[in-house]
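Student: Take a look at the following structure, please.
The values are calculated or read from the model by the stated rules, or taken from the named source; none is laboratory data. Please read these numbers as outputs of a predicted model, since none were measured by experiment. Quick reminder, even Gly has a Cβ in these numbers, built from the backbone with ideal geometry, and neighbours come from all protein chains shown. What goes into the accessible areas is simple: the full protein's heavy atoms, side chains included, and nothing from ligands, DNA or RNA. Shrake-Rupley method; radii C 1.70, N 1.55, O 1.52, S 1.80 Å.
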Amino acid sequence: MKALITGINGFVGGYLSEYLLTCNMQVFGTYLNKIDKNILGKNIKTFKLDITDKKETLEVLKKVRPDYIFHLAAQSSAAISWKKPQLTMDVNINGTINLLENIKELNLDSRILLIGSSEEYGFVKSEDIPINEDQELKPGNPYAVSKISQTMMGQVYSRAYDMDIVIVRAFNHIGPKQSPVFVASDFAKRIAEIEKGKFKPVLLVGNLEAERDFTDVRDIVKAYYLLALKGQKGEIYNVGSGKSYKIQYILDTLLSLSNVDIKIEKDPNRMRPSDVPIVQCDNTKITRLTGWEPEYSIEETLKDVLQYWRQT
Ligand code: A2R
């Protein structure tokens, strides 16, 4: 079976490609900029592709004719979406439309997994926690709006053209190699740098009270694989651990793994006034369908994240 991963060079793409190879899939991937040398060494054929270019996208699909498409390519940061809303819409919405239109025009029967985000739910009230797939959508940033559009286009194309599309709403994922724009990587990277004597022992933090559902990226990619195999056409599935942790717990766990004495200072620039207090996934739908369960504990994941930054 042939699997095409758009955005193979990203955080999730690296783990997903490794996992699919272990499942005996033939893996193809697209990247926008420079390809990671770790991917180059593997048995994976890669294509340079800007997903906003419909013709380029067509060429890749014609060459691969994939059985499965894992559409990860995106402008994936909510923070960047405030600075680059047009780019975010272009890549996340028009890029997805290019992909879907080309698959339709080529008459491919590929199963397509569109990766959306828990950000689509946005401002959820505490009584609606944990969040299930029927929750009303109240997006709080341009990224969330772009992913809502992607999800809705997926449902519309699945219904109107009978395309084999399955939609994911992924909650926060963490793990080694994640960009330090995300909180756990940010803390771990700075702790590792302090340990190496590169900075004085002070860690700047934002809102430590927010509670988020963190899942190890190595568990996330298994969920994507299972949904590719078993997901129902046109359906949306939450992917998240079902447990939520305060950012304070992430910080305390990382600090407990280090021997250096670090002073914590609040940084007003890192405070987001619109932070939703709790995000927690109701994962009943995916667990019932596939039996998926996360295997990594948050403590194991954080240990691996800190270890990664120590070695980097
Ligand atoms: O710059 P590159 O080569 O690393 O590629 C990025 C790729 N990408 C694009 N690919 C094609 N055409 C574009 N115009 C374009 N813009 C960006 O998407 C990058 O490697 C990949 C996304 O990877 P990350 O930013 O690391 O996201 P992550 O955490 O792997 O998330 C995967 C998916 C995304 O759809 C998120 O929105 C969702 O899961 O949560």
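Student: Would you tally the residues in segment 227-239 being in a helix (DSSP H, G or I) and either of a type in the set (Phe, Trp, Tyr) or surrounded by fewer than 18 Cβ atoms within 10 Å (Cβ to Cβ) (or both)?
Tutor: Applying the first criterion (in a helix (DSSP H, G or I)) to segment 227-239 yields 227-230.
Among the residues that remain, those that are also either of a type in the set (Phe, Trp, Tyr) or surrounded by fewer than 18 Cβ atoms within 10 Å (Cβ to Cβ) (or both) are: 229-230.
Qualifying residue count, segment 227-239: 2.
Student: Continuing with the same structure: Return the residue satisfying two criteria in turn: it lies in segment 35-50 and is outside any strand (DSSP E or B) and within 15 Å of the ligand (Cβ to nearest atom), and of such residues it is most open to solvent (accessible area, probe 1.4 Å).
Tutor: Keep residues of segment 35-50 that are outside any strand (DSSP E or B), which gives 35-43, 49-50.
Now restrict to residues that are within 15 Å of the ligand (Cβ to nearest atom): 35-40, 49-50.
Values: ILE35: 29, ASP36: 57, LYS37: 160, ASN38: 84, ILE39: 8, LEU40: 104, LEU49: 13, ASP50: 60 Å².
So the residue we want is LYS37.
Student: Enumerate the pairs (first residue in segment 29-54 and over 17 Å from LEU72 (Cβ atoms) and at pLDDT 95 or above; second residue anywhere and among the polar types (S, T, N, Q) and more than 12 Å from the ligand (Cβ to nearest atom)) with beta-carbon separation below 8 Å, excluding pairs fewer than 6 apart on the same chain, so at least 6 apart or on different chains.
Tutor: Taking only residues 6 or more apart or on different chains, the pairs are LYS54/ASN102.
Student: If you take the residues in segment 109-138 that are open to solvent by less than 10 Å² (accessible area, probe 1.4 Å), without any contact (Cβ under 8 Å) to a residue 60 or more places away in the chain and hydrophobic (A, V, I, L, M, F, W, C), which one is farthest from PHE11 (Cα to Cα)?
Tutor: ILE112
Student: For segment 51-82, name all the residues that are open to solvent by 40 Å² or more (accessible area, probe 1.4 Å) and in contact with a strand residue (DSSP E or B) (Cβ under 9 Å, 6 or more places away or on another chain). Outline the logic, then answer.
Tutor: Filtering segment 51-82 down to residues open to solvent by 40 Å² or more (accessible area, probe 1.4 Å) leaves 52-56, 59, 62-63, 65, 67, 76, 79-80, 82.
Correct list: GLU56, GLU59, LYS63, ARG65, ASP67, SER76.
Student: May I ask you to say which residue of LYS147, LYS138, LYS198 is more than 19 Å from the chain's Cα centre (by Cα) and under 28 Å from GLN86 (Cα atoms)? Outline the logic, then answer.
Tutor: Numbers: LYS147 fails: more than 19 Å from the chain's Cα centre (by Cα); LYS198 fails: under 28 Å from GLN86 (Cα atoms).
Just a single option satisfies the conditions, and that option is LYS138.
To keep it simple, each residue is scored yes or no on (1) within 11 Å of the ligand (Cβ to nearest atom); (2) in contact with a Cys (Cβ under 7 Å, 6 or more places away or on another chain); (3) more than 20 Å from GLN178 (Cβ to Cβ); (4) not in a helix (DSSP H, G or I).
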residue	(1), (2), (3), (4)
PRO66	no, no, yes, yes
ILE69	no, no, yes, yes
ALA74	yes, no, no, yes
THR88	yes, no, no, no
ASN92	yes, no, no, no
ASN102	no, no, yes, no
GLU105	no, no, yes, no
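Student: Testing LEU32 on (1) within 18 Å of LEU108 (Cα to Cα); (2) near the ligand (Cβ under 8 Å from one of its atoms); (3) surrounded by fewer than 19 Cβ atoms within 10 Å (Cβ to Cβ), one condition comes back false. Which one is that?
Tutor: Against the list (1) within 18 Å of LEU108 (Cα to Cα); (2) near the ligand (Cβ under 8 Å from one of its atoms); (3) surrounded by fewer than 19 Cβ atoms within 10 Å (Cβ to Cβ), LEU32 comes up short only on (1).
Student: With respect to ASN98, determine if the residue is within 8 Å of the ligand (Cβ to nearest atom), surrounded by 20 or more Cβ atoms within 10 Å (Cβ to Cβ) and either at pLDDT 95 or above or hydroxyl-bearing (Ser, Thr, Tyr) (or both). Steps first, please.
Tutor: Values: within 8 Å of the ligand (Cβ to nearest atom): no; surrounded by 20 or more Cβ atoms within 10 Å (Cβ to Cβ): yes; either at pLDDT 95 or above or hydroxyl-bearing (Ser, Thr, Tyr) (or both): yes.
Considered against the rule, which asks whether it is within 8 Å of the ligand (Cβ to nearest atom), surrounded by 20 or more Cβ atoms within 10 Å (Cβ to Cβ) and either at pLDDT 95 or above or hydroxyl-bearing (Ser, Thr, Tyr) (or both), ASN98 comes out as no.
Student: Among the numbered criteria (1) at pLDDT 95 or above; (2) more than 16 Å from the ligand (Cβ to nearest atom), which one does TYR143 miss?
Tutor: The one condition TYR143 does not meet is (2).
Student: Right, another one. Is it the case that segment 194-211 has a residue that's crowded, with 21+ Cβ neighbours inside 10 Å and of a type in the set (A, V, I, L, M, F, W, C)?
Tutor: No; the residues of segment 194-211 include none that is crowded, with 21+ Cβ neighbours inside 10 Å and of a type in the set (A, V, I, L, M, F, W, C).
Student: Does any residue of segment 240-263 turn out to be buried (at least 18 other Cβ atoms within 10 Å of the Cβ), in a loop (DSSP other than H, G, I, E, B), at pLDDT below 95 and on the phi < 0 side of the Ramachandran plot?
Tutor: Within segment 240-263, none of the residues are buried (at least 18 other Cβ atoms within 10 Å of the Cβ), in a loop (DSSP other than H, G, I, E, B), at pLDDT below 95 and on the phi < 0 side of the Ramachandran plot.
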